[in-house]
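Note sheet for the following structure.
The values are calculated or read from the model by the stated rules, or taken from the named source; none is laboratory data. As the structure is a prediction and not an experimental result, all values here were calculated from the model. Neighbour counts are summed over all protein chains in view; Cβ atoms, including those assigned to glycine, are modelled from backbone coordinates with ideal geometry. Only protein heavy atoms, including side chains, enter the accessible area calculation; ligands, DNA and RNA are left aside. Shrake-Rupley method; radii C 1.70, N 1.55, O 1.52, S 1.80 Å.
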Amino acid sequence: MTKGFKPLDGIRVIEMSHMIMGPSCGMFLGFLGAEVIKIEPPEGDKTRHLTGMGRGFFPTFNRGKKSITLDLKSKSGRSALDRLLQTADVFVENFRDESLAKMGFALDALHAKYAKLIVASCKGFLHGPYENRTAMDEVVQMMTGMAYMTGPTGRPLRIGSSANDIMGGLFGAFSVLGALLQRGQDGEGHAIRIGLFENCLLLVAQHMVQFDIEGREAPPMPEREFSWPVYDIFESREGRQIFIGAVTEGQWAVLCDILGLGELKNDPRLQKRMDQIEARDWTIPIVARAVAGRGFEELIAAFEPAGIPFSPIHRPAEMYDDPHVNRPGGLLTSSLPEGKTYRAPGFPFEVDGAAPVPFGLDIPDIGDDTQSVLATLGLDQAGIDAASGKGRVRAA
């Protein structure tokens, strides 16, 4: 593990967002060494209190940030935000355009006040006919054809992750890095708009391009036309599911050897990859019977050294027991405000042969850093209390 990878050390990010897209953008920048100050309403970000499948949102995407509360409905809160932005390099937000404007923080106003500030606006859509629509991950999956491609015909299905929100945040962080480099050249701040819809559109681009080139639509993934001789889920002797792939003539031959299918390997009708693909309707049942005759561990022991693509079918919770996930730097431990610890994945890359490990990955309590951050802006205690909405929370 490498602890010295902090390319954004000295960069201050003010993040005013909730749910996943904006917070993930801030988290990625924080993982790269930036100081990320999260602005929450006096009662705290509502994402903190989600249950069910939303329970992991806040702990996952707000690791390592500072938290301050500001009452942006008050003049004191808006004034404090103004002072804070004067000290910032980056402002990450996911408000509606009109909401920011009402607070006095429209893009043109931001650029006029803070000429070197980089504003990363995480929105549902880029500018165009849909720019004022409300978007969520599932909405754009339905709009772009992602859900159509995931479920069987007539049953559109969202993918089993908030992938668009997370990738939208990643594109936000990516564009911020580019803007910081550009600012180093021109000395100017820049306004970035990241579109959740456009992010999802990029994810289905391969299917769009296939249609544009061939003039025919790809069927949904459960009914897809295969490009490989073997690319399927099978069951072992114990009934355990395992995915097995053989995508080249060489892998086909090796798989046949491992499974004792010399009749397929030597069949003159199956010597080219396209021949093997076109024969899937009668070869896959033969492969399935051979796999069903082998033990799960036996199959894995044979496939790995032979270079056959394979995978057990896992649930996300099982990843905590996976030896590769548990390699150094694979899981990072954080603490919740109440003291409970949890583990979550880090960055999916290595630097100089080791996983980068960010510092300070705990989740702050609501407004933990309000006092220290606002005091550095020159506010006295009465000003801090007024700006943070402390009195409003007590009244509630």
Just checking, does the stretch 185-205 include any residue being free of Cβ contacts under 8 Å to residues at least 24 places away in the same chain, more than 30 Å from Ala109 (Cβ to Cβ) and open to solvent by less than 40 Å² (accessible area, probe 1.4 Å)?
yes
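Among residues belonging to the stretch 349-377 that are small (Gly, Ala, Ser), modelled with pLDDT under 95 and loosely packed, with under 13 Cβ neighbours inside 10 Å, point out the one that is farthest from Pro328 (Cα to Cα).
The first filter runs over the stretch 349-377 and keeps only residues small (Gly, Ala, Ser), leaving 353-355, 360, 367, 372, 375.
Pick out the ones that are also modelled with pLDDT under 95 and you get 353-355, 360.
Keeping just the survivors that are loosely packed, with under 13 Cβ neighbours inside 10 Å gives 353, 360.
On the way: Gly353: 12, Gly360: 17 Å.
Going through the qualifying residues, I end up with Gly360.
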Go through the stretch 12-35 and give me each residue that's in a strand (DSSP E or B) and in contact with a Lys or Arg (Cβ under 6 Å, 6 or more places away or on another chain).
Glu15, Glu35
Every listed condition ((1) in contact (Cβ under 8 Å) with a residue 24 or more places away in the chain; (2) not in a helix (DSSP H, G or I)) holds for Phe303 save (2)
Restricting attention to the stretch 334-341, does a residue exist that is crowded, with 18+ Cβ neighbours inside 10 Å, of a type in the set (Gly, Ala, Ser), in contact with a Leu (Cβ under 8 Å, 6 or more places away or on another chain) and not in a loop (DSSP other than H, G, I, E, B)?
yes
Please verify whether the stretch 240-261 includes one or more residues that are under 28 Å from Arg155 (Cα atoms) and in a loop (DSSP other than H, G, I, E, B).
yes
The condition of being in contact with a strand residue (DSSP E or B) (Cβ under 7 Å, 6 or more places away or on another chain), closer than 18 Å to Leu374 by Cα and small (Gly, Ala, Ser) holds, among Ser17, Ser76, Ser67, only for Ser67
Would you mind finding the one in Val325, Val287 that is outside any loop (DSSP other than H, G, I, E, B), open to solvent by less than 80 Å² (accessible area, probe 1.4 Å) and either in contact with a helix residue (DSSP H, G or I) (Cβ under 6 Å, 6 or more places away or on another chain) or modelled with pLDDT of 95 or more (or both)?
Val287
Would you mention how many residues in the stretch 37-76 are without any contact (Cβ under 8 Å) to a residue 40 or more places away in the chain, aliphatic (A, V, I, L, M) and open to solvent by less than 20 Å² (accessible area, probe 1.4 Å)?
0
Some residue of the stretch 244-261 being of a type in the set (A, V, I, L, M, F, W, C) and within 24 Å of the chain's Cα centre (by Cα)
no
Output yes when any residue across the stretch 119-131 is open to solvent by 20 Å² or more (accessible area, probe 1.4 Å), touching a residue at least 60 places away in the same chain (Cβ under 8 Å) and of a type in the set (Ser, Thr, Tyr), and no when none is.
yes
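Tell me, yes or no, whether the stretch 226-238 has at least one residue that is open to solvent by less than 50 Å² (accessible area, probe 1.4 Å), farther than 30 Å from Gln271 by Cβ and not β-branched (Val, Ile, Thr). Show your work before the answer.
Of the stretch 226-238, the ones open to solvent by less than 50 Å² (accessible area, probe 1.4 Å) are 229-230, 232, 234, 236.
With the extra rule that they be farther than 30 Å from Gln271 by Cβ, the set shrinks to none.
No.
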Which residues, counting only those in the stretch 263-284, are open to solvent by less than 30 Å² (accessible area, probe 1.4 Å) and of a type outside the set (S, T, N, Q)?
Leu264, Asp267, Leu270, Ile277, Ala279, Ile284
Is it the case that Pro7 is surrounded by fewer than 21 Cβ atoms within 10 Å (Cβ to Cβ) and either aliphatic (A, V, I, L, M) or closer than 25 Å to Ile194 by Cα (or both)?
yes
If I ask for residues that are open to solvent by 50 Å² or more (accessible area, probe 1.4 Å) and touching a residue at least 60 places away in the same chain (Cβ under 8 Å), which ones from the stretch 140-165 would you list?
Tyr148, Thr153
Exactly one of (1) among the acidic types (Asp, Glu); (2) out of contact with any His (no Cβ under 9 Å at 6 or more places or on another chain); (3) farther than 21 Å from Gly26 by Cα is unmet by Glu217. Its number?
(2)
